[in-house]
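Remarks on the structure that follows.
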Amino acid sequence: MIKMLAENLMGIEARLQINWVWLNASLQFASWALFSLLLAEVLRDSYHALCHQVNWLAKWHNKHHMAYRRDLSIVSMKIYQESQLYHDILESSLLLVVLVVVALIVQQMGLWLGVAYGCTFLYGASVRYFQGKIDTDYNHLPGPLETIPSLWWVNRTYHWRHHFDDVNAYYSGVFPLVDKILGTGLSLKGKTIALTGASGALGQALAAELVKNNAKVVALTTNPEKLVEQVGVKVLPWQLGNEAELRNSLEKVDILIINHGINVYASRTSEAINTSYEVNTFSALRLMDIFLTTVTGPQAKASKEIWVNTSEAEVSPALSPLYELSKRALGDIVTLKRLDGDCVIRKLILGPFKSQLNPYGVMSAQQVARAILFFARRDFRNIIVAINPLTYLLFPLKETSTSLYYRIFSRTAKSEQDLRKQ
């Protein structure tokens, strides 16, 4: 009896040992397979970036850019097929050679998944070259851009910007990893950027940094006398409550940064409540709504953006209850508006920096402004600049859960119209 039990235990132990070996082999294969896909994307997009920096590579790559009109329709089938030969087939062939060499040297089975992935690019390019099948070229399908640039992968709108916004940015082809590394996920070059709260510490710092990035700045301020003349900055006075008067000016703006605000500190009078919500919440929302009416035309979703300074008060105490309440209300409504996908809307979740609203801030306005643009160029939709480590944990949880809740229990404007028709 004891002998039989011992034999059974040994059998179980042997089976467990085999399972552990299998599990280890599976994890190893999966790790190398994932690495191979990552390697393929980095190599492919890095080659693309080099095509815009190295003259002899650019000669071949430019054929690709010559093949499309602004609506992504092709100039001619002949030019299109030449672009497939001199760019897409060449690029995917070089990628495949490098991936095969890596797989042969390292001798890990998982790496061959990357080789198979590379083959799909060569196959697609070959079909387009030999058979002229344009419909397989997903990022170059002609027609109006109906969605905003995707955050997690490269869609038509994202790639359109590479052709017609800034050819020296938006290099990624499937996943925007390389653009995030290089800081080419958003180009500010030549953009017209309107900025409220321009006379404040952060407003002035942002204007200076935007000019350094070759943007044209429209400084929207209720205190124009506080601004000094600056090259590349146009000062445009406005008054709270008269946001509608800015519409014609906002028509020509690519990015609207809503940065104005007020802090009544410990006050809780009716006047303080009304002022806090009027400045921090309702004025910002009116500006958003007015700007969204300018997002028209077949390519507007690719170039128009709104950045909203909702502050760290969305998730952390600011030692000023009305500031927290009004900023949280703004943040929640911005989260709601994002679901409609009218244009890219970024949140600026900023910790305490020295300004008129907070003379005891830890960070400087210049530091914050540089950090905002660092993350914006990497296409971060929620830009957190804070010294409190909890903010980096709490805000994503809050934003994700709130967005999911709003998505389930609210309807888009389009669905509302459909219901009324019924």
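Laid out as a table, the results:
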read-out	value
Matching residues in the stretch 131-145 - criterion: being free of Cβ contacts under 8 Å to residues at least 24 places away in the same chain and either not in a helix (DSSP H, G or I) or not polar (S, T, N, Q) (or both)	LYS133, ASP135, ASP137, TYR138
Count - residues of the stretch 201-224 that are open to solvent by 20 Å² or more (accessible area, probe 1.4 Å) and touching a Ser or Thr at 6+ places or on another chain (Cβ under 6 Å)	3
Output for the stretch 155-182, where each listed residue is outside any helix (DSSP H, G or I), open to solvent by less than 10 Å² (accessible area, probe 1.4 Å) and in contact with a Lys or Arg (Cβ under 8 Å, 6 or more places away or on another chain)	ALA169, TYR170
Unique match (being in contact (Cβ under 8 Å) with a residue 40 or more places away in the chain, surrounded by 13 or more Cβ atoms within 10 Å (Cβ to Cβ), within 27 Å of the chain's Cα centre (by Cα) and under 15 Å from LEU39 (Cβ atoms)) among LEU72, LEU95, LEU111	LEU95
Matching residues in the stretch 153-189 - criterion: being over 11 Å from ALA302 (Cβ atoms) and among the β-branched types (Val, Ile, Thr)	VAL154, VAL167, VAL174, VAL178, ILE181, THR184
Subset of the stretch 289-324 [hydrophobic (A, V, I, L, M, F, W, C) and over 19 Å from ALA194 (Cβ atoms)]	ALA313, VAL315, ALA318, LEU319, LEU322
Out of THR192, THR136, sole residue that is out of contact with any helix residue (DSSP H, G or I) (no Cβ under 7 Å at 6 or more places or on another chain) and not basic (Lys, Arg)	THR192
Meets criteria (open to solvent by 30 Å² or more (accessible area, probe 1.4 Å), within 29 Å of LYS252 (Cα to Cα) and part of a loop (DSSP other than H, G, I, E, B)) for ASP340	yes
Single residue of the stretch 343-359 satisfying the filter (modelled with pLDDT of 95 or more and of a type outside the set (A, V, I, L, M)) that is nearest to PRO396 (Cα to Cα)	LYS347
Subset of the stretch 191-204 [at pLDDT below 95 and either under 27 Å from TRP160 (Cβ atoms) or part of a helix (DSSP H, G or I) (or both)]	ALA201, LEU202, GLY203, GLN204
Selection count where residues are surrounded by fewer than 11 Cβ atoms within 10 Å (Cβ to Cβ) and assigned to a helix (DSSP H, G or I), scope the stretch 52-69	2
Within the stretch 129-154, tally of residues that are open to solvent by 20 Å² or more (accessible area, probe 1.4 Å), at pLDDT below 95 and not hydroxyl-bearing (Ser, Thr, Tyr)	14
Residue count, the stretch 364-400 (criterion: among the β-branched types (Val, Ile, Thr), open to solvent by 10 Å² or more (accessible area, probe 1.4 Å) and touching a Ser or Thr at 6+ places or on another chain (Cβ under 8 Å))	1
Strands (runs of 3 or more DSSP E) wholly inside the stretch 225-335 that include at least 1 residues being touching a strand residue (DSSP E or B) at 6+ places or on another chain (Cβ under 8 Å), free of Cβ contacts under 8 Å to residues at least 60 places away in the same chain and open to solvent by 10 Å² or more (accessible area, probe 1.4 Å)	233-237
Number of positions in the stretch 70-108 that are in a helix (DSSP H, G or I), out of contact with any Phe, Trp or Tyr (no Cβ under 6 Å at 6 or more places or on another chain) and hydroxyl-bearing (Ser, Thr, Tyr)	3
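The values are calculated or read from the model by the stated rules, or taken from the named source; none is laboratory data. Everything numeric here is computed off the predicted structure, so don't read it as measured data. Cβ sites come from the backbone with ideal geometry, for glycine too, and all protein chains shown count toward neighbours. What goes into the accessible areas is simple: the full protein's heavy atoms, side chains included, and nothing from ligands, DNA or RNA. Shrake-Rupley method; radii C 1.70, N 1.55, O 1.52, S 1.80 Å.
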